[in-house]
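First comes the structure, then the notes that go with it.
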Amino acid sequence: AGFQNHQTNTTNSLLQRTNKQLKRNMKSSVLFLFCILIVVIDGRPDNSQEANLSPIIRFLYGCYNGYATILSLAGYYDYDLDAENKYYELYPEQREGYNKNSNFEKDDDDEEEEEEEDNGGWEPTKMQLVCLGLGRTGSTSLALGIEHLDYTVIHDDEHVELRQLYEWVEEDEIDWDEFNSMAGQMGFNATFKTDWEWAKVHPEVKVILTVRDSAEKYAASWLKAVSFIDIIERIPYRWMRNSNQLYESFYDEYKMETTNNQPEMYKDKETLKQVYEEYTATIKANIPSERLLIFNVKQGWEPLCQFLEIEKADCPSDIPFPHVHDRMKLLGENFVVSLFTYIWPLVIILPFALPYYFFFHRCRSHTPKKRT
């Protein structure tokens, strides 16, 4: 009996130590994976055929993307390109207190080094392509497609990067001519974030209008996305500098463009369908057909390559056209962005609570117990 009791006590002690070790390992693993997630996160989809994945995987991809969105709105990313400084380099006379006589002569070596540093690796160009589709019409898939064709694109990620310039456009401090001229100097030659009226008066620019199979499908898809504007109107997003700078452009995109300036109707399905049809008709009426492509991403590479005058041998028709950011991914993204509005206090508490917990927990677990 004594031997059995000793064996039982030994087994229980071993199980307790094993459970403690498993808990420590699990905590360490979670922290390690969290750190890896922060390091490798990237907003642009890296799988051009996300639609082939299972719904659960697509939802998790969306959660991953939602996390990236939070970091981006919070100003986590340190972009190589500072849009505000670059603007003043290109248009120094716009800077307050500018003195045109204050320039001093520099030797050739200094000018060459400064030019390389200012360009930040970009090759100056001009805006060549404007994509005018409304949201949820395949714009992200098209962005990946034209990037594959060697265009440098302004899309959602770059919208955050160039947030200062978009704020100036909203405040009428610069116009679209200045914006697109500077974007070209930065190396961008295709944009999804420019007014159609600018494209109308620039005959050198090609225009792509992305469309859905029907207005009904467009409205149903857009209603799944529109909650984003409601979310970023909450705390803590209203405290974030990037979010505040982008809010006006988000407001226009989500509540004005899709409702013909009737923001109170931004969730009304019939209004969305009507505005979609009117917007499509407006683009067709104002952009000459020879430089306009009405494009459904289901059409694939062939019409796109023909329109962009890409040689048949250089057209990647042997690979599927990108199909990304579907409904399940969008739901995952909005879920995480919304969840953060409820748990954000933990972001402040955890950096202090976790070290406190681990330090005192480990101290207590290593403190020898007194024998009685």
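The values are calculated or read from the model by the stated rules, or taken from the named source; none is laboratory data. In this text the structure is predicted, and so the values were computed from the model without any measurement. For neighbour counting, all protein chains shown are included, and Cβ atoms are generated from backbone atoms with ideal geometry for every residue, glycine included. What goes into the accessible areas is simple: the full protein's heavy atoms, side chains included, and nothing from ligands, DNA or RNA. Shrake-Rupley method; radii C 1.70, N 1.55, O 1.52, S 1.80 Å.
Okay, residues lined up against (1) open to solvent by 10 Å² or more (accessible area, probe 1.4 Å); (2) within 28 Å of K269 (Cα to Cα); (3) not small (G, A, S):
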position: E158; (1), (2), (3): yes, no, yes
position: N180; (1), (2), (3): no, no, yes
position: A183; (1), (2), (3): no, no, no
position: L209; (1), (2), (3): no, yes, yes
position: R212; (1), (2), (3): yes, yes, yes
position: V226; (1), (2), (3): no, yes, yes
position: I231; (1), (2), (3): no, yes, yes
position: I235; (1), (2), (3): yes, yes, yes
position: Y247; (1), (2), (3): yes, yes, yes
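Residue-by-condition table, conditions (1) within 16 Å of the chain's Cα centre (by Cα); (2) in a helix (DSSP H, G or I):
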site	(1), (2)
P124	no, no
E158	yes, yes
I174	no, no
D177	no, yes
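If we scan segment 286-297, do we find a residue that is among the charged types (D, E, K, R), loosely packed, with under 15 Cβ neighbours inside 10 Å, without any contact (Cβ under 8 Å) to a residue 40 or more places away in the chain and under 23 Å from M127 (Cβ atoms)?
yes
With the requirement that a residue be part of a helix (DSSP H, G or I), in contact with a Phe, Trp or Tyr (Cβ under 7 Å, 6 or more places away or on another chain) and more than 15 Å from K126 (Cα to Cα), what does segment 192-218 give you? Step through it out loud before you land on a result.
Our first condition is that a residue be part of a helix (DSSP H, G or I); within segment 192-218, this holds for 196-200, 215-218.
Checking the rest, the ones that are also in contact with a Phe, Trp or Tyr (Cβ under 7 Å, 6 or more places away or on another chain) come to 198, 215, 218.
A215, Y218, listed by residue number.
With the checklist (1) closer than 30 Å to Y342 by Cβ; (2) open to solvent by 60 Å² or more (accessible area, probe 1.4 Å); (3) at pLDDT 95 or above in hand, flag the one item W239 doesn't pass.
That leaves (3) as the condition not met.
Listed here are the residues, each with its yes/no results for (1) open to solvent by less than 80 Å² (accessible area, probe 1.4 Å); (2) free of Cβ contacts under 8 Å to residues at least 60 places away in the same chain; (3) touching a His at 6+ places or on another chain (Cβ under 7 Å).
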| residue | (1), (2), (3) |
| --- | --- |
| F250 | yes, yes, no |
| M256 | yes, yes, no |
| Q274 | no, yes, no |
| A281 | yes, yes, no |
| C305 | yes, no, no |
| K312 | no, yes, no |
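Check off (1) buried (at least 16 other Cβ atoms within 10 Å of the Cβ); (2) in contact with a Ser or Thr (Cβ under 9 Å, 6 or more places away or on another chain); (3) modelled with pLDDT under 95 for W301 and give me the number that stays unchecked.
(3)
Looking at this structure, is E167 part of a loop (DSSP other than H, G, I, E, B) and open to solvent by 20 Å² or more (accessible area, probe 1.4 Å)?
So E167 fails the test.
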